[in-house]
Amino acid sequence: MGAALTDALILSDLTLGYDGHPAVHHLSGRFPAGSLTAVCGPNGAGKSTLIKGLAGALLPLGGAIDRGGLRAGDIGYLPQAAEIDRSFPIDVFDFVSLGRIRRAGLFGRIGAADALAAQAAIVAVGLEGFEHRQIGALSGGQTQRVLFARLMAQDASVILLDEPFVAVDERTMADLLALIGKWHAERRTIVAVLHDFSLVRAHFPDTLLLARECVAWGPTADALSPGNLAVARVMSEAFDEDARDCERAA
């Protein structure tokens with residue numbers, strides 16, 4: 001596995017956004033090594049923006065993210081399925097193998113051990129026999145399995161998941177939840193954007209409830225209390241989309 005287990009993602013007064021418009025305001029806290037955390041909140045709460053920031057795909061407008069010495073290959077990022085260009089001519093095996101290339105660097109080459117790791121990941125997500133199928137020919141659930149296989153091949157210490165269960169069937173969800181449970185047992189740090197509170201309560205010990213700002217962050221039962229959920233709704237409804245500063249909406 002990538003980095004030492006003492007590593008964690010530490011956020012210090014973090015503000016993230018686009019074109020000067022903040023979407024996540026003054027967020028401070030930490031994702032300890034080995035933790036399993038859901039990021040929840042109303043639509044437009046900044047959840048995907050936060051994941052992009054943690055992944056390094058979006059630079060802070062203010063504050064900082066301390067990744068504890070993690071290298072790029074130590075952080076695995078699963079974007080929303082809509083962000084995947086399924087028209088690109090690549091088959092399942094080569095797509096999963098990209099996880100190994102990221103660890104090797106821009107000019108890294110896939111060797112025999114990397115090919116074995118990619119194949120093992122394909123088998124682990126239940127897609128054996130699909131190695132030469134184009135990703136554009138896959139169903140929504142199969143596409144999510146391939147994305148998880150790419151993460152497995154990467155063997156990252158920190159795994160960031162942006163809405164990993166959208167448009168998947170119950171069997172696929174159960175299989176992918178089992179894989180997340182396996183990663184958690186291996187003491188990897190997992191952060192996932194999720195909307196289903198019942199699923200979060202059943203499978204995720206910790207939750208960050210976000211509404212542009214932190215509403216609550218801690219044990220899931222406490223973070224997703226009725227009072228906190230009501231506060232999150234009010235904060236989200238009060239936010240001014242035209243605001244350019246980082247102050248809480250009145």
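The values are calculated or read from the model by the stated rules, or taken from the named source; none is laboratory data. Keep in mind that this is a model prediction, so the values were computed, not measured. Positions of Cβ are backbone-derived with ideal geometry, glycine not excepted, and every protein chain shown enters the neighbour counts. All accessible areas refer to the heavy atoms of the entire protein, side chains included, with ligands and DNA or RNA removed. Shrake-Rupley method; radii C 1.70, N 1.55, O 1.52, S 1.80 Å.
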J(HN,Hα) series, segment 156-169, from Karplus relation 6.51 cos²θ - 1.76 cosθ + 1.60, nearest Hz, glycine and proline x
7, 7, 10, 10, 10, 10, 9, 6, x, 10, 5, 6, 10, 7
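Give me the net charge for the shell around PHE93: Cβ to Cβ below 15 angstrom, other residues only, Lys and Arg +1, Asp and Glu -1. Could you put the intermediate results ahead of the total?
Working: positive: ARG100, ARG133, ARG145, ARG150; negative: ASP91, ASP94, ASP114, GLU128, GLU131.
Once all neighbours under 15 Å are counted, the net charge is -1.
Subtract the Cα-Cα distance of LEU116 and HIS195 from 0.36 nm times their separation in residues, and report this length gain in nm to one decimal. If you can, show how the numbers build up before the last one.
Working: separation 79, 0.36 × 79 = 28.44 nm, distance 3.49 nm.
Full-extension gain reported as 25.0 nm.
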3J(HN,Hα) from dihedral phi, segment 61-74, Karplus parametrisation 6.51/-1.76/1.60, rounded to Hz, x for glycine, proline:
7, x, x, 7, 10, 9, 9, x, x, 4, 8, 4, x, 7
If you count only protein heavy atoms with a 1.4 Å probe, what accessible area per residue comes out for the chain, rounded to a whole Å²?
46 Å²
Ranked highest first by the average count of other Cβ atoms within 10 Å around their residues, in what order do 141-154, 37-50 fall?
141-154, 37-50
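What do you reckon, how do SER157, SER12 stack up by accessible area (1.4 Å probe), largest on top?
Numbers: SER157 10, SER12 60 Å².
Highest to lowest solvent-accessible surface, that is SER12, SER157.
Which whole-number percent gives the relative contact order of segment 98-219, counting Cα pairs below 8 Å spaced six or more residues apart? Don't skip to the end; give the middle numbers.
Details: 104 pairs, mean separation 25.0, N = 122.
It rounds to 20 percent for segment 98-219.
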List every residue whose amide H lies under 5 Å from the amide H of VAL39, counting only residues 5 or more places away in sequence or on a different chain, with H placed 1.01 Å from N in the peptide plane.
ALA192, VAL193, LEU194, LEU208
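May I ask for the net charge around SER139, where only other residues with Cβ less than 10 Å from the Cβ of SER139 are counted and Lys, Arg are +1 while Asp, Glu are -1? Present the calculation step by step, with values, prior to reporting the outcome.
Numbers: positive: ARG145; negative: ASP169.
Result for the local shell: 0.
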Carbon and sulfur: what percent of segment 106-160's accessible surface (1.4 Å probe)?
58 percent
Rg/Rh for segment 19-164 to two decimals, with Rh computed the Kirkwood way over all alpha-carbon pairs.
0.99
Report which label in (i) 54, 49, 35; (ii) 57, 37, 35; (iii) 61, 39, 39 holds the value of Cα extents along the principal axes in Å derived from the coordinates of this structure.
(ii)
Under 5 Å between amide hydrogens, which residues at least 5 positions from LEU9 or on another chain qualify, with H placed 1.01 Å from N in the peptide plane?
PHE31
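Net charge around GLN80, counting only other residues with Cβ within less than 15 Å of its Cβ (Lys, Arg = +1; Asp, Glu = -1)? Don't skip to the end; give the middle numbers.
Values: positive: LYS47, LYS52, ARG86, ARG150; negative: GLU83, ASP85, ASP162, GLU163.
Summing Lys and Arg as +1 and Asp and Glu as -1 gives 0.
Calculate how many DSSP beta bridges within segment 134-238 are antiparallel, expressed in % of all such bridges and rounded to the nearest 5. Can you show the working numbers first?
On the way: 6 of 11 bridges.
Antiparallel bridges make up about 55 percent of those DSSP assigns within segment 134-238.
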Could you calculate, for segment 1-94, the ratio of the Cα radius of gyration to the Kirkwood radius, expressed as Rg to Rh?
1.00
Gaussian network model of the chain, springs between alpha carbon atoms under 10 Å - residue of GLU131, GLU163, GLU83 with greatest fluctuation
GLU83
